[in-house]
Structures are given as C-alpha cells and as structure tokens.
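Participant: One structure follows; several queries about it will come next.
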Amino acid sequence: MFGRRRKNRDAEAPGLADEGDFDSAPVDDEVQAPEGGPYDIDDIGEDAVGSRLDLGSVLVPLPPGGQIQVEMAPNGQPQAVHLVTQHGRITVSAYAAPKSPGQWREVAAELAESLRRDNATVSIESGPWGRELQGSTPNADLRFLGVDGYRWMIRCVVAGPAGSVTADSPLVETARAIVAETVVRRGQDPHPVRTPLPVVLPKALAEQLAAAQQQAAAQQAAAQQPLPPQQSAQQQQPAPPQQPAPPRPRHGESGSAMQQLGF
C-alpha cells in the first residue's frame, strides 16, 4: 500500500521551498495520510482496481451522482477528465516524479506564486497529506491537493463557487475521499519529471466522445453548405414593400443564467 512509501518523507531534502515563500501560518508537511491510498498499482495489483474509472495512468472512483467531462488538447488527445458534482468540479491528474518525495512541495510554492501574480487570494493549509493550497479568483474558488508517491505525484484540483472549497466543505471532503481511493499506474516508460502521465479514455467513453464529435462536425458542415440555386435566387429577389406594422406591446424577458466555473 501507499502507506509504506510514507517513511521516505522523513528524508525530504532541505531547500526545496522555504517557508518564507508562503505568507501564511506554518504548515505541517508530516501530517499522516488517512488509512488507505492513494495506491500504486504495483502494490495492490490489477485485480484490486474494482469499479474505478480507468484513465490509463490514474484510476479514480466516481462520486455518487457525478458526471464526467473530458477536456481535449489541441492535438485531439484527451488532456484531463473532470468529475463534476453538484457542488463543483474535481480533477485528479498524475505526474512523473523522482523516487524521493518533495515534488509537491515545490509545485505548491510555484502555484501559490502564480496565483498571486494573477491577483488571487492565496492561503496554505494542512490537509490529510500535508499542505493544501487554496486560492480565490474572480471566476472560482480553487483548492489544490498533492500527494508524493514513488516516481509519481498526484495533483487534485477542486473548483467551485465562492466559499465552496473550505476545508470542511462537502466538495473538499468528496475530493479527499476520491484521492484516498485513487490508484496510479505509473508504468515503466521514462518520463521527464513533472510531465503529466498519459490519459487514456475507456473504450466506451472514447466511442461516446467520438460519436458526439462526429455529430457536431456534421451539423457544422450542413450549416456551411450553399443553398440550392432556386432557393438562393428567391432570397436575392427584393422583398415587396410592407406597410409598417402597428406597435406591439413590449414583453419582459425571462430565463435563467447558467454559472460556469473557469480558472
């Protein structure tokens, strides 16, 4: 299990990210993780994967009532898979890392600096696996969770409306439960440190996504087709003059606005 890797945390080298980089209360990086994961596939075996969503490099449990949202890279390959819940969005990704722990500490420091440059309000808090980063932006509140594993690192991004990513919120509790049951399939291929490990969609999900893309492409192509000559000629004929219509009473607009998370 992942727990036996934790003993290496005591060997964390100094100078990775000074406490001065975070203008917040001291954070205990040696907080013991809850019983369980995240797990390495080499420790638990493929037979223990169970009903988790298999995304190739990372296998995550689906929250009750959650929906899957796939983010595509410009080259058409899946870049991230978001778990959308009633409270907000959770994204779990795996990255290549060195054998020794400490990468998340560096990444958290850089994320904090980047958020502050964007005028976000940033704080560092202690979580089940050590430091967690919380940021408030105009579009969403964010919380970043990180876990160092053996040659891999998990980063979980939690995004929701203002006030939804506090430490005791339902969204963050769900995110921590997901991370605790996540399995990483690192593989033996060499990857530069911090490189995102490949995301591979399950066959059924990939087919569903391909069908939706084909339907959208067909609709776009149909909209761009030229009109038949007869219909085009009719549209080019000048319309007969019309008498001005009597003024109509104005009606108030009705409808609902959809809030979308962005960061």
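Participant: Could you please let me know if Leu133 is in a strand (DSSP E or B), among the aliphatic types (A, V, I, L, M) and in contact (Cβ under 8 Å) with a residue 40 or more places away in the chain?
Facilitator: No, not satisfied.
Participant: For the stretch 55-110, how many residues are of a type in the set (A, V, I, L, M, F, W, C) and either assigned to a loop (DSSP other than H, G, I, E, B) or free of Cβ contacts under 8 Å to residues at least 60 places away in the same chain (or both)? Outline the logic, then answer.
Facilitator: The first filter runs over the stretch 55-110 and keeps only residues of a type in the set (A, V, I, L, M, F, W, C), leaving 55, 58-60, 62, 68, 70, 72-73, 80-81, 83-84, 90, 92, 94, 96-97, 104, 107-109.
Cutting the leftovers down to either assigned to a loop (DSSP other than H, G, I, E, B) or free of Cβ contacts under 8 Å to residues at least 60 places away in the same chain (or both) gives us 55, 62, 72-73, 84, 97, 104.
Of the residues in that region, 7 qualify.
Participant: To continue, here is another question. Hey, Phe144 hits all of (1) open to solvent by 10 Å² or more (accessible area, probe 1.4 Å); (2) in a strand (DSSP E or B); (3) touching a residue at least 40 places away in the same chain (Cβ under 8 Å) but one; which does it fall short on?
Facilitator: Answer for Phe144: the failing condition is (3).
Participant: Right, here's the next one. Within the stretch 101-122, track down each residue that is of a type outside the set (Asp, Glu), over 18 Å from the mean Cα position of the chain (by Cα) and open to solvent by 40 Å² or more (accessible area, probe 1.4 Å). Before you say what the answer is, go through the steps one by one.
Facilitator: Filtering the stretch 101-122 for residues of a type outside the set (Asp, Glu) gives 101-105, 107-109, 111-112, 114-117, 119-122.
Now narrow it down to the ones that are over 18 Å from the mean Cα position of the chain (by Cα): 101-103, 105, 109, 116-117, 119-122.
Answer for the stretch 101-122, where residues must be of a type outside the set (Asp, Glu), over 18 Å from the mean Cα position of the chain (by Cα) and open to solvent by 40 Å² or more (accessible area, probe 1.4 Å): Arg105, Arg116, Arg117, Asn119, Thr121.
Participant: Considering only the stretch 123-138, state which residues are in contact with a Ser or Thr (Cβ under 6 Å, 6 or more places away or on another chain) and either open to solvent by less than 20 Å² (accessible area, probe 1.4 Å) or under 22 Å from Ser57 (Cβ atoms) (or both).
Facilitator: Of everything in the stretch 123-138, just one residue is in contact with a Ser or Thr (Cβ under 6 Å, 6 or more places away or on another chain) and either open to solvent by less than 20 Å² (accessible area, probe 1.4 Å) or under 22 Å from Ser57 (Cβ atoms) (or both), namely Ile124.
Participant: One residue is enough: does the stretch 114-126 have a residue meeting the conditions under 20 Å from Gly36 (Cα atoms), among the charged types (D, E, K, R) and not in a loop (DSSP other than H, G, I, E, B)?
Facilitator: At the first step, the residues of the stretch 114-126 found to be under 20 Å from Gly36 (Cα atoms) are 126.
This time we only want the ones that are among the charged types (D, E, K, R), so: none.
The answer is no; no qualifying residue exists.
Participant: Also, quick follow-up: Quick one: in the stretch 169-190, which of the residues that are more than 20 Å from Gly37 (Cα to Cα) and at pLDDT below 95 is least open to solvent (accessible area, probe 1.4 Å)?
Facilitator: Asp189
The values are calculated or read from the model by the stated rules, or taken from the named source; none is laboratory data. Because the structure is predicted, anything quoted here is derived from the model rather than measured. A quick note on method: Cβ atoms are made from the backbone with ideal geometry, for glycine too, and the neighbour counts reach across all protein chains shown. These area figures cover heavy atoms from the full protein model, side chains too; ligands, DNA and RNA do not enter into them. Shrake-Rupley method; radii C 1.70, N 1.55, O 1.52, S 1.80 Å.
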